[in-house]
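Undergrad: I'd like to ask you about the structure that follows.
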Amino acid sequence: EAMKDPATVRRLNKLVVQYKKKALTEYDRTQRLKAQYQVFQLYYGTVNQFRPLIAKWVYTQLKPRVGVLDFSMGWGGRLLAAMSMGIPYIGIDANTKLEASYRNMIEMYEPTANVKLHFQPSEQVKFSRFQYDLVFTSPPYFMIEEYEKMPPYKDKQDFLETFFIPVVKSAWDNLIPGGHMALNMPAEMYEAIRSLLPAIKAAWELPLSNRHPVNAAKRAALGSEDKERHELIYIWRKPRKIGQVTRKARK
């Protein structure tokens, strides 16, 4: 219905040019509709976020008590879940434009929640300042997901060496012994840090929902009808004592 409103279409076209950095004349009709739908989702519809209900399930399984460190906050799903369960939350994100929305969300849902927010690149933050027994986040998928104010990494290797590896290592080093780290990421990113950490405790499979509106309405999964695709949350548990072996398991 929104696409029948000329004013909405004009606004979407303006946003397409602003964020896609291309003139409308460079798109054919199908490409233009796709670009319009992408910015429509961002401003008026759903976004690709980590669902609060799944975050609550993760918290129930891993039972954080001291605090959750989320070094790639994104759209706030993990924060909402933490607030709903009374779990202290430390969130970090490079997108300073999100700050006002986050503050409004906290004020609306739980003004007294134990929440600390830091709007700067995670690689610039000293995690030793914080107390937390769970690291839980869904970091950007290499250069596939690019967010506003995200530092301009040159390529995958620069992304790994500048951001991902040092941030994960620092988050792990400052994690309270006995705590967990849970990272929702593709296998390629797991392999990049695998040798730096103990063996995983588990790798939880979650259905990968299709964001396309037609398939979503049909409740269809990504890929073929007879093969459901999944994404993984890799789980590590930090030993309570030096030299303690972390058991390797898989769910």
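Undergrad: For a quick protection proxy, order the peptides 27-36, 9-18, 50-59 by their average other-Cβ count within 10 Å, most packed first.
TA: Ranked from most to least packed, the peptides come out as 50-59, 9-18, 27-36.
Undergrad: Give a residue-ordered list of calculated ³J(HN,Hα) values for region 126-133 (Karplus: 6.51 cos²θ - 1.76 cosθ + 1.60, θ = phi - 60°; whole Hz; x for Gly, Pro).
TA: 3J(HN,Hα) across region 126-133, in whole Hz: 8, 5, 5, 6, 10, 10, 7, 10.
Undergrad: Filter LYS34/LYS156; LYS97/LYS156; LYS156/LYS238; LYS126/LYS169; LYS126/LYS241; LYS116/LYS241 down to the pairs with a C-alpha to C-alpha distance above 18 Å, please.
TA: Where the Cα-Cα span goes over 18 Å, the pairs concerned are LYS34/LYS156; LYS97/LYS156; LYS156/LYS238; LYS126/LYS241; LYS116/LYS241.
Undergrad: To continue, here is another question. So, by mean Cβ neighbours within 10 angstrom, what's the order for 129-135, 86-92 with the highest one leading?
TA: 86-92, 129-135
Undergrad: Which whole-Hz ³J(HN,Hα) couplings does region 67-83 yield from phi under the Karplus relation 6.51 cos²θ - 1.76 cosθ + 1.60, θ = phi - 60°, glycine and proline marked x?
TA: x, 10, 9, 10, 8, 9, 4, x, 9, x, x, 6, 5, 4, 5, 5, 4
Readers should treat all values here as calculations from the given coordinates under stated rules, not as data from a laboratory. The shown structure was predicted, so the numbers you read here are calculated from the model rather than taken from an experiment. Cβ: placed from backbone, ideal geometry, glycine included. Neighbour counts: every protein chain shown.
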